[in-house]
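Q: My questions will all concern the structure given below.
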Ligand SMILES: Cc1cc2nc3c(=O)[nH]c(=O)nc-3n(C[C@H](O)[C@H](O)[C@H](O)COP(=O)(O)OP(=O)(O)OC[C@H]3O[C@@H](n4cnc5c(N)ncnc54)[C@H](O)[C@@H]3O)c2cc1C
């Protein structure tokens, strides 16, 4: 096992592990900081909508879960609060799937296994010196705070409640989302093509969270059935409920040189440690995986005399990724704001907008291609 490291990655979430595997492929020596999980840690109840670009990178690392844990979505239906709706079809786009709904524990397990069999990666329990330190500690990154990196945060007036449901009817590979005044509900299909369970993300005003969590499982399930207009018949909770406050956030600086008291070398941010978006478009992790692909590519293509901590390379990565995430941040933020206001004219405008968008042809196709990770 190597004694010194090119890169030390702090944080072994999906972004940190993917970066470790990508850099190991470039023959870099990687330390991955992963403190042992707390015995009380619960399995993540979420499932992520991952696009084609994310699928390709995870497949190339042999970390894409099997079809039962990565449900292909052939249709998406989105409803507004006055009956307007938008439908997206894989067939209309000429693709087999619009996105895949990936079970988070299954994805984490595949990545952990790939890391275990990668001799270039050493899993360590505390940070070690390296030419480059990559901070992948998620939105509440302690290292980012300790190293004084400014993180601009705009909280949303919504918290997400995530859980899982077993439904009377099969989901039919259709992802469904309902926008109503102040809340957004998503049903994301699980269990493969024939499945009848869904991962739920319900973004609601913070003042409603405590009350909803206090409901017993059956009453909470009834609330979800009502909010989804009974589209999948009767439903039953099959997991715990977990919550997240939601925010739009971005670090001002994504890379730099370590101050002498912090050690030597450079640092760089990736994933949720660098940026957060509202989960309504299911893009946060897709953006994070885009970060680590871009970083790995820039490091791979560097001249042989440049080190992996070269600030010119890291600044190129920062510029490239800030430009790439801007449209998604603006889109999700705009939609969140448009649907969080009760005013009558706004309600008419958003429903008119949805109807127009449904018939907009090229605009709709362009947005779908971007969300799918195609260019
Ligand atoms: C309700 C909800 C639904 C979402 N749905 C989607 C979706 O459908 N599609 C999508 O693309 N995105 C989605 N996202 C966004 C997605 O969850 C994040 O973008 C993604 O988890 C970011 O991955 P990460 O590895 O950067 O951070 P994290 O997942 O937060 O992982 C960070 C890791 O670092 C570890 N860590 C933290 N501090 C330290 C430390 N000091 N030392 C060592 N390790 C540390 C943590 O334990 C964790 O393992 C959703 C988010 C929410 C809240």
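Read the figures in this text as sums done on the coordinates, not as results from a lab. Here the structure is a predicted model, which means the values were calculated and not measured. Every residue, glycine among them, receives a Cβ derived from its backbone with ideal geometry; neighbour counts consider all protein chains shown.
Q: What is the antiparallel percent of DSSP beta bridges lying wholly in the chain, to the nearest 5?
A: Numbers: 50 of 72 bridges.
Within the chain, antiparallel bridges account for around 70 percent of the total.
Q: Taking only DSSP H segments of four or more residues, each worth -39500 (n - 2.57), what value at 222 nm results for the chain once the sum is divided by all its residues, to the nearest 500 deg cm²/dmol?
A: Numbers: 11 runs with 133 residues, N = 375.
When only DSSP H runs of four or more count, the value is -11000 deg cm²/dmol.
Q: Mind computing the radius of gyration and Dmax over the alpha-carbon atoms of the stretch 1-113? Å is fine for both.
A: Just the Cα atoms of the stretch 1-113 yield Rg and Dmax of 17.9, 62 Å.
Q: Under the √(5λ) rule applied to the eigenvalues of the Cα gyration tensor, what semi-axes describe the equivalent ellipsoid of the chain? Give them in Å, descending.
A: Details: eigenvalues 264, 96, 85 Å².
Gyration-tensor ellipsoid for the chain: 36, 22, 21 Å.
Q: Still on this structure, I have one more. What's the Cα-based Rg to Rh of the stretch 64-130, Rh via Kirkwood? Don't skip to the answer; put the middle values down first.
A: Numbers: Rg = 19.2 Å, Rh = 15.4 Å.
Dividing the radius of gyration by the Kirkwood radius yields 1.24.
Q: Going by alpha carbons, how many degrees (0 to 90, nearest 10) lie between the helix axis of 217-227 and the longest principal axis of the chain?
A: So the helix axis and the longest Cα principal axis differ by about 70 degrees.
Q: When the chain is treated as a GNM, springs tying every alpha-carbon pair under 10 Å, which of 114, 210, 221 comes out with the largest mean-square fluctuation?
A: 210
Q: If I build a Gaussian network model for the chain, linking alpha-carbon pairs within less than 10 angstrom, which residue out of 158, 247, 297 has the largest mean-square fluctuation?
A: 297
Q: Further, regarding this structure: Using only Cα atoms, find the angle between the long axis of helix 104-116 and the longest principal axis of the chain, and express it within 0 to 90 degrees, rounded to the nearest 10.
A: With rounding to tens, the tilt is 20 degrees.
Q: Ranked highest first by average number of other Cβ atoms within 10 Å, how do 97-110, 279-292 line up? Don't skip to the answer; put the middle values down first.
A: Numbers: 97-110: 21.4, 279-292: 24.3.
Highest-to-lowest ranking by the protection proxy: 279-292, 97-110.
Q: For the stretch 232-299 and the stretch 54-77, what is the centre-to-centre distance using only Cα atoms, to the nearest Å?
A: Measuring centre to centre over Cα atoms gives 19 Å.
Q: Counting other beta carbons within 10 Å of each Cβ, put 264, 238, 304, 203 in order, fewest first.
A: Exposure proxy ranking, most exposed first: 304, 264, 238, 203.
Q: Further question on the same structure: Using the number of other C-beta atoms within 10 angstrom as an exposure proxy, rank 156, 48, 117 with the fewest first. Let's see the in-between values first.
A: Numbers: 156 21, 48 24, 117 9.
The order, fewest Cβ neighbours first, is 117, 156, 48.
Q: Separate question: What's the exposure ranking of 311, 28, 212, going from fewest to most Cβ atoms within 10 Å?
A: Working: 311 14, 28 22, 212 17.
Listed from fewest to most nearby Cβ atoms, that is 311, 212, 28.
Q: Can you pull the three principal axis extents for the Cα set of the stretch 200-267, in Å, largest first?
A: Cα spread of the stretch 200-267 along its principal axes, largest to smallest: 60, 24, 22 Å.
Q: Pick from 38, 237, 213: which is most flexible by mean-square fluctuation in a GNM of the chain where alpha carbon atoms under 10 Å apart are linked?
A: Per the Cα network of the chain with a 10 Å cutoff, 38 tops the list.
Q: From Cα pairs below 8 angstrom and at least 6 apart in sequence, can you work out the relative contact order of the chain, rounded to a whole percent? Show your work: numbers first, answer last.
A: Numbers: 767 pairs, mean separation 83.0, N = 375.
Relative contact order of the chain: 22 percent.
Q: Additional query: How do 78-87, 9-18, 177-186 rank on mean C-beta neighbours within 10 Å, highest first? Present the calculation step by step, with values, prior to reporting the outcome.
A: Working: 78-87: 16.7, 9-18: 25.5, 177-186: 19.4.
Sorting 78-87, 9-18, 177-186 by mean packing, highest first, produces 9-18, 177-186, 78-87.
Q: Now for a separate question. For the chain, find the longest principal axis of its Cα atoms and tell me its angle to the long axis of helix 14-25, 0 to 90°, nearest 10.
A: Here the helix axis deviates by roughly 40 degrees.
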